[in-house]
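Trainee: Quick one: the structure is below, questions incoming.
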Amino acid sequence: MADTETVYSRFARRIGVALDALEGAGVLPAGIDRGAITIEPPRDPAHGDLATNAAMVLAKPAGTNPRWLAEALAAELAGLPEVAGAEVAGPGFINLRLTDAAWLGELRAMAALGPDYGRSALGGGATVNVEYVSANPTGPMHMGHCRGAVVGDALAALLEFAGHRVIREYYVNDAGAQVDVLARSVHVRYREALGEDVGEIPEGLYPGDYLIPVGRALAAEFGDRYVAAPESAWLIPFRTRAVAAMLVMIRDDLALLGIRHDLFSSEAALQAAGKPAEAEAWLRAHDLVYDGVLEAPKGKTVEDWEPVALPLFRSTRFGDDQDRPIRKSDGSWTYFGADLAYHYQKAQGADALVDIWGADHAGTVKRIKAAVAAMTGAADGKNGGKPTPFEVKLVQMVQLLRDGEPVKMSKRAGTFVTLADVVREVGKDVVRFTMLTRKPEAQMDFDFAKVVEASKDNPVFYVQYCHARVSSTLRKARVEGLAPSDAGLVLLGAEELALVRLAAQFPRLVEAAAAAREPHRVAFFLGDLAAAFHAYWNLGNDRPEKRFIVAQDSRVTGGRLFLAAQIGQVVRNGLALLGVAAVEEM
């Protein structure tokens, strides 16, 4: 990465130098925590280019008046060569106006950093485990999995760009009843492959045609050995091979979206290794598991509910509304019991955990957060008593529409619309970008007609068209013997500098989005930048002197082409974080 500061990082450093000067002059006491100081654009652009809350943050611990401190800090900052004005607003905010030269310098920084513009050291190399998708291995990926897959993958890329080491993980739920159902479903297809007329697939089994090749493979491997054999003879080998086949299918489906994982962790392997039992022993040793009886479920009476003593985790100590069983009455692990051990295992190799879950799992968030808090520090003082940071991001389902009408289910898949079918119809880039055009906790409609519509109302098209316009302009310029040149930057006016100011927000946007674990912010920013670029482009329709290529004025043209090239670079950098291609033409 080139050793070039961006405007926000530079002014963060310069504010730090100004505060050091105030400390040296005795205006501020030494050693005050500056971690909450921010540098950002003012809410109203008329107030200036940058705003800082430094005086507001430091005044109380310094025992002084925030406005008075702001005046002292503003006086220090006003002396900087890049500052055209420093004003105190309200109770102590400082608004800075930068010189045009400062913004032209930022444009040069974009060119110097290129694909690294916006890259940050915010994460400090800390390891974040991001678990996403984790669909049951019982069939191909469907659109119910798509949104979480894209959100998780974009978040992983964003965190890496912001200076974290990222582990992308998929948790394979291969120890529950659903994989036994899968094995039984495959046994039907196995018999079918050997010539038996199996008729309708029995209710409760998976009916999809995607299991036919698995049945054929088993028939080729085993012949008729298990046709009439008892279930106990074939359940485990059929389950093992069926899960393996489903994981191949899942990996292939995810590859269509450009998604890969570093780890596929098996729940069955976790249990075989005795990890849940180890977790239970540890929890009992720290008085966090006890044998108790759950309250009767609502609506149940003594006549139709029998209380049973179960090992209960004291999740109420950590904010949950009731203690939770980690084993069932038959001694097998509850989903929570296995999940508790799995998260503890993940925490051993990471500094922070992020799970991307479907919104239908909202009810389990409190208990698993309680478990992570208990087992990673809060119970026995590990990490200074601080648990491993752990966040769960809930993602709402997507409703598929075609011209405004709900899409009928796919016959080939059995009961759902496959991700592969959707990607093949509209393309990876459309699917990925669309999944990030709304906050993940908000409901989303995916209309096949609208997502490929060539209009400004389609954010996917609008952003990609922005980059295509830049590319087209630069190609045309080359044909005419023209090229971007920073020699003409001094001729850029207010409209052009407004574009620079907006593009210059990308580095701070990356840090804010990474800190909040919200990759959709990148898509929102790209939409704003594309809208601003198209608006400037449209100026040239009525005002020829505002076009990027101005006849007989190579200096102005060179400066504007330099501007266009950097807008294109910022768009490329943002799209790369979303896993979306920056197209050259449309």
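Trainee: If residue 551 meets every condition in (1) surrounded by 22 or more Cβ atoms within 10 Å (Cβ to Cβ); (2) without any contact (Cβ under 8 Å) to a residue 12 or more places away in the chain apart from one, which number is that one?
Mentor: Against the list (1) surrounded by 22 or more Cβ atoms within 10 Å (Cβ to Cβ); (2) without any contact (Cβ under 8 Å) to a residue 12 or more places away in the chain, residue 551 comes up short only on (1).
Trainee: Further question: Here is a check on your reading of the model: is residue 517 within 29 Å of residue 452 (Cα to Cα), basic (Lys, Arg) and out of contact with any Cys (no Cβ under 6 Å at 6 or more places or on another chain)?
Mentor: yes
Trainee: When you look at residue 480, is it out of contact with any strand residue (DSSP E or B) (no Cβ under 7 Å at 6 or more places or on another chain) and without any contact (Cβ under 8 Å) to a residue 24 or more places away in the chain, yes or no?
Mentor: no
Trainee: Another question, if that's okay. Would you check if there is a residue in segment 510-525 being under 20 Å from residue 103 (Cβ atoms), assigned to a helix (DSSP H, G or I) and of a type in the set (Lys, Arg)?
Mentor: Among the residues of segment 510-525, not one is under 20 Å from residue 103 (Cβ atoms), assigned to a helix (DSSP H, G or I) and of a type in the set (Lys, Arg), which makes the answer no.
Trainee: Could I ask something else about it? Among the residues of segment 368-381, which ones are at pLDDT 90 or above and over 19 Å from residue 277 (Cβ atoms)?
Mentor: Hits for segment 368-381 are 369, 370, 373.
Trainee: Which residues, counting only those in segment 317-359, are of a type in the set (S, T, N, Q) and in contact (Cβ under 8 Å) with a residue 12 or more places away in the chain?
Mentor: 322, 329, 345
Trainee: Exactly one of these conditions fails for residue 309: (1) under 33 Å from the mean Cα position of the chain (by Cα); (2) without any contact (Cβ under 8 Å) to a residue 24 or more places away in the chain; (3) over 30 Å from residue 150 (Cβ atoms). Give me its number.
Mentor: Among (1) under 33 Å from the mean Cα position of the chain (by Cα); (2) without any contact (Cβ under 8 Å) to a residue 24 or more places away in the chain; (3) over 30 Å from residue 150 (Cβ atoms), residue 309 violates only (1).
Trainee: Further, regarding this structure: Restricting attention to segment 204-241, report how many residues are closer than 29 Å to residue 420 by Cβ, out of contact with any Pro (no Cβ under 8 Å at 6 or more places or on another chain), among the hydroxyl-bearing types (Ser, Thr, Tyr) and part of a helix (DSSP H, G or I).
Mentor: Adding up the residues that qualify gives 1.
Trainee: Quick check on my filter: what residues within segment 502-522 are acidic (Asp, Glu) and over 18 Å from residue 6 (Cα atoms)? Walk me through how you get there before you give the answer.
Mentor: First, the residues of segment 502-522 that are acidic (Asp, Glu): 511, 518.
The one that is acidic (Asp, Glu) and over 18 Å from residue 6 (Cα atoms): 518.
Trainee: For segment 510-525, which positions are surrounded by fewer than 20 Cβ atoms within 10 Å (Cβ to Cβ) and aliphatic (A, V, I, L, M)?
Mentor: Across segment 510-525, the qualifying residues are 512, 515, 516.
Trainee: Here's something else I'd like to know. May I ask you to list the residues in segment 146-167 that are among the charged types (D, E, K, R) and assigned to a strand (DSSP E or B)?
Mentor: Selection gives 165 alone.
Trainee: Counting just the residues of segment 483-509 that are in a helix (DSSP H, G or I) and free of Cβ contacts under 8 Å to residues at least 60 places away in the same chain, which one comes out surrounded by the fewest Cβ atoms within 10 Å (Cβ to Cβ)?
Mentor: The qualifying residue surrounded by the fewest Cβ atoms within 10 Å (Cβ to Cβ) is 494.
Trainee: Please verify whether residue 170 is outside any helix (DSSP H, G or I), touching a Phe, Trp or Tyr at 6+ places or on another chain (Cβ under 7 Å) and buried (at least 17 other Cβ atoms within 10 Å of the Cβ), treating the condition exactly as stated.
Mentor: Values: outside any helix (DSSP H, G or I): yes; touching a Phe, Trp or Tyr at 6+ places or on another chain (Cβ under 7 Å): yes; buried (at least 17 other Cβ atoms within 10 Å of the Cβ): yes.
Answer is yes for this residue.
Trainee: Do you know which of the residues in segment 92-132 that are under 30 Å from the mean Cα position of the chain (by Cα) and acidic (Asp, Glu) is nearest to residue 46 (Cα to Cα)?
Mentor: 106
Trainee: Name the residue that is surrounded by the fewest Cβ atoms within 10 Å (Cβ to Cβ), counting only residues in segment 115-145 that are in a helix (DSSP H, G or I) and of a type outside the set (Gly, Ala, Ser).
Mentor: 115
Trainee: Please specify each residue of segment 317-328 satisfying the condition of being at pLDDT 90 or above and exposed (fewer than 15 other Cβ atoms within 10 Å of the Cβ).
Mentor: Matches in segment 317-328: 328 only.
Trainee: Still on this structure, I have one more. Looking at segment 80-114 only, could you name the residues that are small (Gly, Ala, Ser), surrounded by 21 or more Cβ atoms within 10 Å (Cβ to Cβ) and not in a helix (DSSP H, G or I)?
Mentor: Matches in segment 80-114: 86, 92.
Trainee: If you don't mind, there's one more thing I want to ask. Here is a list: 248, 243, 188. Which entry is buried (at least 19 other Cβ atoms within 10 Å of the Cβ), closer than 20 Å to residue 140 by Cα and within 34 Å of the chain's Cα centre (by Cα)?
Mentor: Working: 248 fails: buried (at least 19 other Cβ atoms within 10 Å of the Cβ); 188 fails: within 34 Å of the chain's Cα centre (by Cα).
Residue meeting the stated conditions: 243.
Trainee: A further question follows. Report the residue count in segment 417-471 for those that are within 25 Å of residue 394 (Cα to Cα), among the small types (Gly, Ala, Ser) and not in a loop (DSSP other than H, G, I, E, B).
Mentor: 1
Trainee: Continuing with this model, one more query. Scan segment 22-40 and give yes if some residue there is among the basic types (Lys, Arg), buried (at least 16 other Cβ atoms within 10 Å of the Cβ) and touching a residue at least 12 places away in the same chain (Cβ under 8 Å), otherwise no.
Mentor: Checking segment 22-40: not a single residue is among the basic types (Lys, Arg), buried (at least 16 other Cβ atoms within 10 Å of the Cβ) and touching a residue at least 12 places away in the same chain (Cβ under 8 Å).
Trainee: Return a yes/no flag: does segment 242-264 have any residue that is more than 29 Å from residue 153 (Cβ to Cβ) and either in contact with a Leu (Cβ under 7 Å, 6 or more places away or on another chain) or assigned to a helix (DSSP H, G or I) (or both).
Mentor: Checking segment 242-264: not a single residue is more than 29 Å from residue 153 (Cβ to Cβ) and either in contact with a Leu (Cβ under 7 Å, 6 or more places away or on another chain) or assigned to a helix (DSSP H, G or I) (or both).
Trainee: In the list 529, 563, which residue meets the criterion of being farther than 30 Å from residue 447 by Cα, in a helix (DSSP H, G or I) and in contact with a helix residue (DSSP H, G or I) (Cβ under 8 Å, 6 or more places away or on another chain)?
Mentor: Just a single option satisfies the conditions, and that option is 563.
Trainee: Would you mind stating whether residue 27 is of a type in the set (Val, Ile, Thr) and either part of a loop (DSSP other than H, G, I, E, B) or closer than 21 Å to residue 497 by Cβ (or both)?
Mentor: It is true that residue 27 is of a type in the set (Val, Ile, Thr) and either part of a loop (DSSP other than H, G, I, E, B) or closer than 21 Å to residue 497 by Cβ (or both).
Trainee: Could you count how many residues in segment 4-24 are part of a loop (DSSP other than H, G, I, E, B) and at pLDDT 95 or above?
Mentor: Count: 0.
Trainee: Return the pairs, sorted by first residue and then second, in which the second residue is assigned to a loop (DSSP other than H, G, I, E, B) and among the basic types (Lys, Arg), the first residue lies in segment 196-222 and is farther than 15 Å from residue 184 by Cβ, the beta carbons are less than 8 Å apart, and the residues are 6+ apart or on different chains.
Mentor: 209/412; 210/412
Trainee: Which one is surrounded by the most Cβ atoms within 10 Å (Cβ to Cβ), of the residues in segment 329-358 that are of a type in the set (Phe, Trp, Tyr) and not in a helix (DSSP H, G or I)? Before the answer, list the steps.
Mentor: So the first thing to find is which residues in segment 329-358 are of a type in the set (Phe, Trp, Tyr), and the list is 333, 335-336, 342, 344, 357.
Subsequent filtering for residues that are not in a helix (DSSP H, G or I) retains 333, 357.
Details: 333: 24, 357: 19.
Top of the filtered list is 333.
Trainee: Considering only residues that are surrounded by fewer than 21 Cβ atoms within 10 Å (Cβ to Cβ) and under 14 Å from residue 524 (Cα atoms), which ones fall in segment 427-455?
Mentor: The answer is 437, 438, 439.
The values are calculated or read from the model by the stated rules, or taken from the named source; none is laboratory data. Given the structure is predicted, the values throughout are model-derived calculations rather than measurements. Reconstructed Cβ throughout: ideal geometry from the backbone, glycine too, with neighbour counts over all protein chains shown.
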